[in-house]
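This report refers to the structure that appears directly beneath it.
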Amino acid sequence: MHSVLAFLAAQPILLLFVIVGFGSAIGHLKVKGVGLGAAAVLFLAIAVSAWGSASGLDLQVPETLGTLGLTLFTFSVGIVSGATFFASLRRGLGPILSMVGILAAAALAAVGMGRLLDLKPAVVAGAWAGAVTNTPALAAAREAAGDQTAPTVGYAVTYLFGVVGMLVAVSFALRNRAADTDAPAALISRTVRVEIESSPRLAELEELHGDRIKFSRVRHGEQSPILTADERDTLLLDDLVTVVGPADDVEAVTRELGHTSSHHLEGDRDYLDVRRITVSNARAAGRTVAELGLAARFRATASRVRRGDVDMVATDDFLLQLGDRVRVIAPRDRMKDVSTFFGDSSRGLSDITPIVLGLGMAAGVLLGVVAFPVPGRVFSIGSAAGTLVLGLVLGRVGRIGPLVTAMPYTSAQAIGEF
């Protein structure tokens, strides 16, 4: 076995992919529904490195490869999260502050234990990063300390306990997952007959329900054709309207307007057609649903957007990304034009947008090395944090002029997973 380890020590690229491959295989194994995931790669790397050291061999991969992998991961996380991160700052301020408090408490505990055990500050910083399983924090600690070894040692010691602790906590939290009522509600559609005479506008109803619903079809009177719903439409007595959204919200709208109709507008294809269309055209990506002007262009409307495996209501302020699959309702003779407008190519699911990836990563790394003055010293946030910040900003902006700054969800997930 010594000869195998010696061969791997002389071939660091081969060593890297052996660790990634076997570690990922171990991570896919689950016990009672819980697995190590990507953490298994780190544990295997630690075990193989220790085995090599015991055999008098230095098994390691070039540090540059580690930095590249980490910055790709943080950039992809930022790109995927950018569209929702800044909105969550307003809606989820309480949980965010709670998380900051937990991280601060963990940092104070790490400093206290470090002083008690007379540990180097670099080791303490790495131990804190490992305990909270924050790999970008490890990168920042290594850059700030100017020492690659001490923070890594602290990280390796505590990371195992951090992961195991989280696995235990998750298992405890999911013990009653079969009866979970807080899972995101699936979207449904329902045709409602209007029984009120107040003539509400669709835009007012959508705003009343916090833009959690979307009206997709409307029929004014029994003999009128079925039309795509426009937010400027006014509902009259005996109109039929199709509403899309979570079951609770759809039920609330039904009670407000009238009752569930036995006529299903979504099943009538004489006037309108419906199709899932992939966003692969850069003209449509990085824009909100309202900015597309589907009603004015094609007399069409978008009711849902599927990103990854999640269906979401296509509200007016929903920011589309390459690779999104939009459920569009349009007149039968305009559906081909709508498909051309969005692109509807599978390329939209896998395009990594190399311009954004390259320039975004470069700008993030540059941001990470910028020195910020503080009393008594200067500090930099590091390349991992820099690429994370740039990813969040680019994911939120969506586009700069003709350049789409976001990345397809599937592509970003693949880069981050690797």
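Numbers below:
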quantity: Unique match (being at pLDDT below 90 and either out of contact with any strand residue (DSSP E or B) (no Cβ under 8 Å at 6 or more places or on another chain) or on the phi > 0 side of the Ramachandran plot (or both)) among Val279, Val310; calculated: Val310
quantity: Pair list, Cβ < 8 Å and 6+ apart or interchain, from region 145-169 residues that are closer than 22 Å to Gly27 by Cα to residues that are surrounded by 18 or more Cβ atoms within 10 Å (Cβ to Cβ) and of a type in the set (Phe, Trp, Tyr); calculated: Thr158/Trp128
quantity: Of residues in region 261-275 being touching a residue at least 40 places away in the same chain (Cβ under 8 Å) and assigned to a loop (DSSP other than H, G, I, E, B), the one farthest from Ala330 (Cα to Cα); calculated: Ser261
quantity: Extreme residue, surrounded by the most Cβ atoms within 10 Å (Cβ to Cβ), among residues of region 396-413 that are in a strand (DSSP E or B) and of a type outside the set (D, E, K, R); calculated: Val404
quantity: Selection within region 41-87 - outside any helix (DSSP H, G or I) and of a type in the set (S, T, N, Q); calculated: Ser55, Gln60
quantity: Selection from region 23-40 of residues that are part of a helix (DSSP H, G or I) and either exposed (fewer than 15 other Cβ atoms within 10 Å of the Cβ) or touching a residue at least 40 places away in the same chain (Cβ under 8 Å) (or both); calculated: Ala25, Ala39
quantity: Selected residue [assigned to a helix (DSSP H, G or I), touching a residue at least 24 places away in the same chain (Cβ under 8 Å) and surrounded by fewer than 17 Cβ atoms within 10 Å (Cβ to Cβ)] from Ile19, Ile13; calculated: Ile13
quantity: For Leu237: the one exception among (1) over 34 Å from the mean Cα position of the chain (by Cα); (2) free of Cβ contacts under 8 Å to residues at least 40 places away in the same chain; calculated: (2)
quantity: Unmet requirement for Leu390, which otherwise passes all of (1) touching a residue at least 60 places away in the same chain (Cβ under 8 Å); (2) surrounded by fewer than 19 Cβ atoms within 10 Å (Cβ to Cβ); calculated: (2)
quantity: Members of region 366-406 that are hydroxyl-bearing (Ser, Thr, Tyr) and either in contact with a His (Cβ under 8 Å, 6 or more places away or on another chain) or more than 12 Å from Thr74 (Cα to Cα) (or both); calculated: Ser380, Thr405
quantity: Test: residue in region 343-359 that is part of a helix (DSSP H, G or I) and among the polar types (S, T, N, Q); calculated: yes
quantity: Pairs where the first residue, in region 372-384, is surrounded by 10 or more Cβ atoms within 10 Å (Cβ to Cβ) and the second is among the aromatic types (Phe, Trp, Tyr) and in a strand (DSSP E or B), C-beta under 7 Å, 6+ apart; calculated: Phe379/Phe372; Ser380/Phe372
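Listed here are the residues, each with its yes/no results for (1) modelled with pLDDT of 85 or more; (2) surrounded by 10 or more Cβ atoms within 10 Å (Cβ to Cβ); (3) assigned to a loop (DSSP other than H, G, I, E, B).
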position: Ile196; (1), (2), (3): yes, yes, yes
position: Leu205; (1), (2), (3): yes, yes, no
position: Phe215; (1), (2), (3): yes, yes, no
position: Glu231; (1), (2), (3): no, yes, yes
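Results for (1) outside any helix (DSSP H, G or I); (2) under 23 Å from the mean Cα position of the chain (by Cα); (3) modelled with pLDDT under 90, shown as yes or no for each residue.
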{"position": "Gly94", "(1), (2), (3)": "no, yes, yes"}
{"position": "Leu97", "(1), (2), (3)": "no, yes, yes"}
{"position": "Ile102", "(1), (2), (3)": "no, yes, yes"}
{"position": "Leu108", "(1), (2), (3)": "no, no, no"}
{"position": "Gly112", "(1), (2), (3)": "no, no, no"}
{"position": "Ala129", "(1), (2), (3)": "no, yes, yes"}
{"position": "Thr133", "(1), (2), (3)": "yes, yes, yes"}
{"position": "Leu138", "(1), (2), (3)": "no, yes, yes"}
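To keep it simple, each residue is scored yes or no on (1) β-branched (Val, Ile, Thr); (2) outside any strand (DSSP E or B); (3) in contact (Cβ under 8 Å) with a residue 24 or more places away in the chain; (4) surrounded by fewer than 17 Cβ atoms within 10 Å (Cβ to Cβ).
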| site | (1), (2), (3), (4) |
| --- | --- |
| Val243 | yes, no, yes, no |
| Val250 | yes, yes, yes, no |
| Thr254 | yes, yes, yes, no |
| His259 | no, no, yes, yes |
| Ile277 | yes, no, yes, no |
| Ala284 | no, yes, yes, no |
| Arg297 | no, yes, yes, yes |
| Gln321 | no, yes, yes, no |
| Ile329 | yes, no, yes, no |
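The values are calculated or read from the model by the stated rules, or taken from the named source; none is laboratory data. Everything numeric in this text was worked out from a predicted model, so none of it was measured. Using ideal geometry, Cβ is built from the backbone for each residue, glycine included, and neighbour counts are taken over all protein chains shown.
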